[in-house]
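> Got a structure for you, questions after.
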Amino acid sequence: MTTPTKTPKTEENSPKTLFGLPKEVQFCKKCVMSNQRPSSTVEFKNLDKKETLAFDDEGVCSACRIHERKWDGIDWGARQKDLEELLDRHRSSDGSYDVIVPGSGGKDSMYVSHVLKYKFGMHPLTITWPPHMYTDIGRINFDAWIAAGFDNVSFTPNGDVHRLLTREAFLNLLHPFQPFILGQKNIGPKMALQYGVKLIVYGENEAEGGSRIKFNNTMNTQFFASPRDERRDVVIGKRSYNELIDLGLSHHDLEPYLPIALEDLQEAGIEMHYMSFYENWRCQEKYYFAQEHCGFQPNPERTEGTYTKFASLDDKIDGLQYYTTHIKFGIGRATYDAAYDIRHRYIDRDEGVALVKRYDGEFPQKYFQDCLDYMEINEEQFYETLDNFRSPHLWMKEADEWKLRHTVK
Ligand SMILES: [Zn+2]
């Protein structure tokens with residue numbers, strides 16, 4: 001009598017997953033996003049136990065469900081009234097700053113600041129955490145924004161420190177943008193405190209892109225702030241505060257990257273809101289608005305890795321950042337853009353799939369050398385790092401070429 005033998009678990013029929021990503025790759029039935037998408041842009045303090053985009057029983061992602069509700073079931077007129085009431089509560093009568101608008105001079109921050117100032121009579125102070133490697137078009141748009149009638153405070157952290165953190169984040173997390181995101185998220189609340197302004201208005205809620213944040217109109221302050229005695233719990237480039245100190249950085253160097261103390265935020269009574277809670281936010285309309293009112297210019301050519309010309313243009317490292325998400329999660333820039341455009345009903349799913357097939361994972365050649373020089377790493381280190389972050393359940397090698405095991409259909 002023989003006992004049936006189970007198929008042995010080999011690398012081929014049960015490939016390993018890295019970073020706690022879901023083993024089964026699933027694509028949303030409505031958009032083109034997969035369940036491998038992490039729910040936070042800051043990503044994992046540790047590489048494991050990552051929270052990813054939730055799917056329901058019908059195979060539809062939570063971001064698509066949120067968007068469905070925006071098309072029917074929300075009384076946008078009532079929301080506009082809520083916005084007016086909010087602004088009435090904060091509007092200054094002596095011309096002093098009454099609202100902080102964090103932004104880079106992209107279409108969204110142009111739109112928000114312009115509407116607040118010229119439609120609602122607010123006195124915005126715009127706040128920028130600028131890229132360390134501005135693209136020409138990014139710099140032009142930033143200047144155009146300020147020239148369109150806005151006061152701005154830009155905070156640039158120590159260039160040497162930022163370079164080191166970016167390098168660490170690339171090598172240890174394959175996430176070169178992480179230090180930038182941390183600083184950028186914190187700068188709005190920190191400046192609000194500094195200038196005694198109690199209202200911060202952002203553009204679009206990230207949760208609509210699938211981030212699991214449990215709030216809607218008012219930001220979850222915990223995302224930006226932490227209790228004073230936990231501020232040093234921050235992990236950058238997979239290195240703890242103490243490890244970074246051991247690398248030769250000082251507390252002073254790290255301060256810009258640490259979250260604001262929750263106690264300070266609460267004591268000052270600072271409120272944070274998303275404009276996209278108060279209107280049916282559609283990104284292409286923001287582009288046309290910014291072009292007409294603030295002189296916003298799109299990229300003169302198609303952005304590498306995708307089919308669009310007007311989003312996320314200001315930093316030379318943007319293209320590399322999206323390329324790293326293609327390596328780690330199988331989700332490149334065209335997937336993000338197409339998922340977004342399907343939810344906003346600019347394209348249908350078939351078009352989205354075709355765009356993903358055509359552009360996703362295109363190598364960010366244009367600023368490749370700039371990025372290597374900036375991070376002070378060579379090509380060999382670069383490719384070696386990429387390969388370390390290819391999860392076997394996503395990637396396989398065929399004729400010496402890396403191929404995704406699962407693509408959207
Ligand atoms: Zn979806």
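A short reminder: the numbers here are calculations on the coordinates, not readings from a lab. Everything quoted here is computed from the prediction, not taken from an experiment. Every residue, glycine as well, gets a Cβ built from its backbone with ideal geometry; the counts of neighbours run over all protein chains shown.
> Arrange 402, 145, 129, 281 by Cβ neighbour counts within 10 Å, fewest through most, would you?
402, 281, 129, 145
> If you bin every alpha carbon distance in the chain into 20 Å steps from zero, what whole percent lands in each bin?
P(r) over the chain, rounded to whole percents: 25, 59, 14, 1, 0.
> A follow-up question, please. Per 0.36 nm of contour for each residue apart, how much would the distance between residue 51 and residue 230 grow if the chain were fully extended, relative to their Cα-Cα spacing?
Once the chain is fully extended between residue 51 and residue 230, it gains 62.3 nm.
> If the elastic network links every pair of Cα atoms under 10 Å, which of 303, 17, 335 fluctuates the most in the Gaussian network model of the chain?
Most flexible of the set in this elastic network: 17.
> Under the rule of -39500 (n - 2.57) per DSSP H run of 4 or more residues, summed and divided by the residues of the chain, what mean residue ellipticity at 222 nm is obtained, to the nearest 500 deg cm²/dmol?
Calculated at 222 nm, the ellipticity per residue is -11500 deg cm²/dmol.
> With an 8 Å Cα cut-off and a minimum separation of 6 or more residues, compute the relative contact order for segment 76-277 in percent.
Relative contact order of segment 76-277: 24 percent.
> In what order do 323, 111, 278 fall by count of nearby beta-carbon atoms within 10 Å, going from fewest to most?
278, 323, 111
> Aspartates and glutamates within cross-link reach of residue 198: Cα-Cα under 20 Å, excluding same-chain residues under 8 positions apart?
82, 84, 85, 88, 94, 98, 151, 263, 264, 267, 271
> Only four residue types carry charge here, +1 at the Cβ of Lys and Arg and -1 at the Cβ of Asp and Glu. Report the dipole size of segment 318-404 about the Cα centre in Debye, rounded to the nearest 20.
About 520 debye.
> Quick one: putting +1 on the C-beta of Lys and Arg, -1 on the C-beta of Asp and Glu, what dipole do you get for segment 76-277 around its Cα centre, in Debye to the nearest 20?
360
> Any idea what angle helix 178-195 forms with the longest principal axis of the chain, computed on alpha-carbon atoms, 0 to 90 degrees, nearest 10?
Helix 178-195 sits roughly 20 degrees off the main axis of the chain.
> Just to verify a number: FRET efficiency for residue 156 and residue 120, C-beta to C-beta distance, R0 = 25 Å, to 0.05?
After rounding, the FRET efficiency stands at 0.25.
> Same structure again: Write down the Å³ per residue value for the convex hull defined by the alpha carbon atoms of segment 318-404.
Hull volume over Cα atoms, normalised by residue count, gives 110 Å³.
> Got a sec? Charge dipole of segment 76-277, +1 on Cβ for Lys and Arg, -1 for Asp and Glu; which of 261, 235, 103 is way out at the positive end?
103
> Additional query: Between residue 246 and residue 301, what's the calculated FRET efficiency when r is the beta-carbon distance and R0 is 41 Å? Round to 0.05.
Calculated value: 0.40.
> Points 7 angstrom from Cα along the Cβ direction at residue 279 and residue 26: gap in nanometres?
It is 3.6 nm.
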